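Asks: The structure follows.
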Amino acid sequence: MRSSVPTLLLAAAGFLTGYAAIRILPPEVDAKSAERPPHESTTRRDRQNGEATSGAAKNHDSTSGKHDFASLLRKSRTLHAKFSGLLAELERMDTDVLKNLALELAGFDMESVPPKERQATYSVRSATLAEIYRREGLKALDWISEMEPTEKRNALLSGILSCLAKDTPEIAKTWIDRYRNKYGNEWSSQFVHQAIIGANSRGADDVILVQKLFGDDLRGVAITQGTYAEDFDFHRLLTGMPPGFPLHESLEYWAARDKDAAWKGVREIIASQGQGAGYLGSLFRGMSKLEGGEPAAKWTVEKLDQIPSELRERAIQSLTMSKLPMETITSLSTAFTRDEDRVFFVSGFVSPFRADMAMGALESLSSEEQRVQALIRSVTPYRRAVLDPANPKDKATLDFFGSTMDRLNLSPSSRAQVEAALHNP
């Protein structure tokens, strides 16, 4: 499966026809620069060495007869929705012109324009720096590091290092570390996203390398960004990453591609590491996207008996970790063969923060007794202290459970059991 990447708004007219026309147009761009052929590109290895090689860049068609920045400005309104059109224009500019453009963009006050124009500015700057990197590789970093004065260096470095991180993360890391103290950890962590995108396009070993290189910078970063290589080895990813590293979204992709292989991999790390039961929910979500909730529910619940008993509740809990359509919750609830599993599963949806799912989940249970059990299990997080009706948050919790019991039309004795659990920390 492939994940989609949003199309950038690369040429919002407000920026390109306003500020750019006044300030960015380099003086050397005139009619004599028209009909310039595409510049030569470099390969990934050449960029690592900072050397250009022969070989034409992609040959984009242009209908204007001009390939300079002036014509780019005139065509900005039509290029708004065409990323490739902007890239074609950038490819036809001289490198010195591109560098002057990059310098102007790096000095632009982003806060002085509306958000849409700001996005256009970022996008054009990124595309410009990417074209410079495509031609010059590491030499582009030498240009920036030797720049005087240095106030524009941060923005230029960010653009070039994003390209390098995607292309060759091990080299990018040395440059990132060189400037980490100057620009801070927040600055240095931004390149992980591009490193992951590039690694996913090459293979699992590259993703493992990115984790080793960037370590804690990967915390909170979704590693399913970009597009997976056609032959991506998810088993290698699962067994090669550090134990406990979250791979939930990757397991969803794997299950959608090959659910049985994904389950075999999860069983392997459960046996070898004593963890991984929480991936059962990921497998369910991946399978259900292609095969539907009901077949996925049946297949998933059948796997519970192959999980060690001490990890069984963790596996069931993983099925409740995302928002599910009501029909999917019902399919799962009815698929369980043990009442205790069904009750525990439903209790995961009973919360003031999931009120839209709570009633439907509770109604999927077959008896009032099971609903009471699910309600009692769900109040555990609220039993750590006495709930005070005068406190707005506590009142919202009490109101939620009260209205839920009203809607379920619980008997007085059942209601008393739930209230006792709720009010006794």
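Asks: Filter region 300-331 for residues that are among the hydrophobic types (A, V, I, L, M, F, W, C) and at pLDDT 95 or above and give the result. Outline the logic, then answer.
Replies: Going residue by residue through region 300-331, those that are among the hydrophobic types (A, V, I, L, M, F, W, C) are 301, 304, 307, 311, 315-316, 319, 321, 324, 326, 329.
Correct list: VAL301, LEU304, ILE307, LEU311, ALA315, ILE316, LEU319.
Asks: Now, a different point. Suppose we keep only residues that are in a helix (DSSP H, G or I), free of Cβ contacts under 8 Å to residues at least 24 places away in the same chain and not basic (Lys, Arg) within region 400-425. Which one would you say is surrounded by the fewest Cβ atoms within 10 Å (Cβ to Cβ)?
Replies: Kept after step one, since they are in a helix (DSSP H, G or I), are these residues of region 400-425: 400-408, 412-423.
Now drop any that are not free of Cβ contacts under 8 Å to residues at least 24 places away in the same chain, which leaves 402-403, 406, 412-413, 415-416, 419-420.
Checking which are not basic (Lys, Arg) leaves us with 402-403, 406, 412-413, 416, 419-420.
Numbers: GLY402: 14, SER403: 12, ASP406: 10, PRO412: 6, SER413: 9, ALA416: 12, GLU419: 16, ALA420: 11.
Restricting to residues being in a helix (DSSP H, G or I), free of Cβ contacts under 8 Å to residues at least 24 places away in the same chain and not basic (Lys, Arg), the top hit is PRO412.
Asks: Now for a separate question. Among (1) within 23 Å of THR328 (Cα to Cα); (2) buried (at least 17 other Cβ atoms within 10 Å of the Cβ); (3) free of Cβ contacts under 8 Å to residues at least 60 places away in the same chain; (4) in contact with a helix residue (DSSP H, G or I) (Cβ under 6 Å, 6 or more places away or on another chain), there is one condition LEU290 misses while meeting the rest; what is its number?
Replies: For LEU290, the failing item is (2).
Asks: Then there's this: Restricting the search to region 129-140, which residues are of a type outside the set (D, E, K, R) and either in contact with a strand residue (DSSP E or B) (Cβ under 8 Å, 6 or more places away or on another chain) or surrounded by fewer than 22 Cβ atoms within 10 Å (Cβ to Cβ) (or both)? Break it down into steps so the answer makes sense when it comes.
Replies: As a first pass, look at region 129-140 and keep what is of a type outside the set (D, E, K, R): 129-130, 132-133, 137-138, 140.
The answer is ALA130, LEU138.
Asks: Moving on. Only one of these conditions is not met by PHE108: (1) surrounded by 17 or more Cβ atoms within 10 Å (Cβ to Cβ); (2) part of a helix (DSSP H, G or I). Which number is it?
Replies: Here PHE108 clears every test but (2).
Asks: To continue, here is another question. Given the residues VAL350, VAL346, VAL379, which is the only one that is surrounded by 18 or more Cβ atoms within 10 Å (Cβ to Cβ) and either at pLDDT 95 or above or in contact with a strand residue (DSSP E or B) (Cβ under 9 Å, 6 or more places away or on another chain) (or both)? Steps first, please.
Replies: Numbers: VAL350 fails: either at pLDDT 95 or above or in contact with a strand residue (DSSP E or B) (Cβ under 9 Å, 6 or more places away or on another chain) (or both); VAL379 fails: either at pLDDT 95 or above or in contact with a strand residue (DSSP E or B) (Cβ under 9 Å, 6 or more places away or on another chain) (or both).
Being surrounded by 18 or more Cβ atoms within 10 Å (Cβ to Cβ) and either at pLDDT 95 or above or in contact with a strand residue (DSSP E or B) (Cβ under 9 Å, 6 or more places away or on another chain) (or both) holds for just one of VAL350, VAL346, VAL379, which is VAL346.
Asks: Which number in (1) farther than 23 Å from ILE196 by Cα; (2) crowded, with 17+ Cβ neighbours inside 10 Å marks the one condition that PRO295 misses?
Replies: (2)
Asks: Moving on to the next point. Between a residue in region 164-177 that is without any contact (Cβ under 8 Å) to a residue 24 or more places away in the chain and any residue that is assigned to a helix (DSSP H, G or I) and crowded, with 24+ Cβ neighbours inside 10 Å, which pairs come within a Cβ distance under 8 Å, given they are 6 or more apart or on different chains?
Replies: ALA172/LEU161; ALA172/LEU164; ALA172/ALA165; ALA172/ALA195; ILE176/LEU161; ILE176/ALA165
Asks: Go through the residues of region 224-233 one by one and say whether even a single one is farther than 21 Å from LYS166 by Cβ and under 17 Å from the mean Cα position of the chain (by Cα).
Replies: Applying the first criterion (farther than 21 Å from LYS166 by Cβ) to region 224-233 yields none.
Scanning region 224-233 turns up no residue that is farther than 21 Å from LYS166 by Cβ and under 17 Å from the mean Cα position of the chain (by Cα).
Asks: If you don't mind, another one. Need pairs with beta-carbon distance below 8 Å; first residue within 16 Å of PHE353 (Cβ to Cβ) and in a loop (DSSP other than H, G, I, E, B) and within region 373-399, second at pLDDT 80 or above and of a type in the set (D, E, K, R); sequence gap 6+ or separate chains.
Replies: LEU387/ASP394
Asks: Still on this structure, I have one more. Having 1 or more residues that are more than 24 Å from THR227 (Cα to Cα) and among the polar types (S, T, N, Q) is the bar; report the helices (runs of 4 or more DSSP H) wholly within region 243-345 that clear it. Steps first, answer last, please.
Replies: Values: elements: 248-273, 280-291, 293-302, 312-318, 326-335.
Correct list: 248-273, 293-302, 312-318, 326-335.
Asks: Check VAL192, VAL210 and return the single one that is aliphatic (A, V, I, L, M), closer than 17 Å to GLU249 by Cβ and in contact (Cβ under 8 Å) with a residue 40 or more places away in the chain.
Replies: Values: VAL192 fails: in contact (Cβ under 8 Å) with a residue 40 or more places away in the chain.
Residue meeting the stated conditions: VAL210.
The values are calculated or read from the model by the stated rules, or taken from the named source; none is laboratory data. Bear in mind that the values here come from a model prediction, so they are computed numbers and not experimental data. Note: ideal-geometry Cβ built from the backbone for every residue, glycine included; neighbour counts use all protein chains shown.
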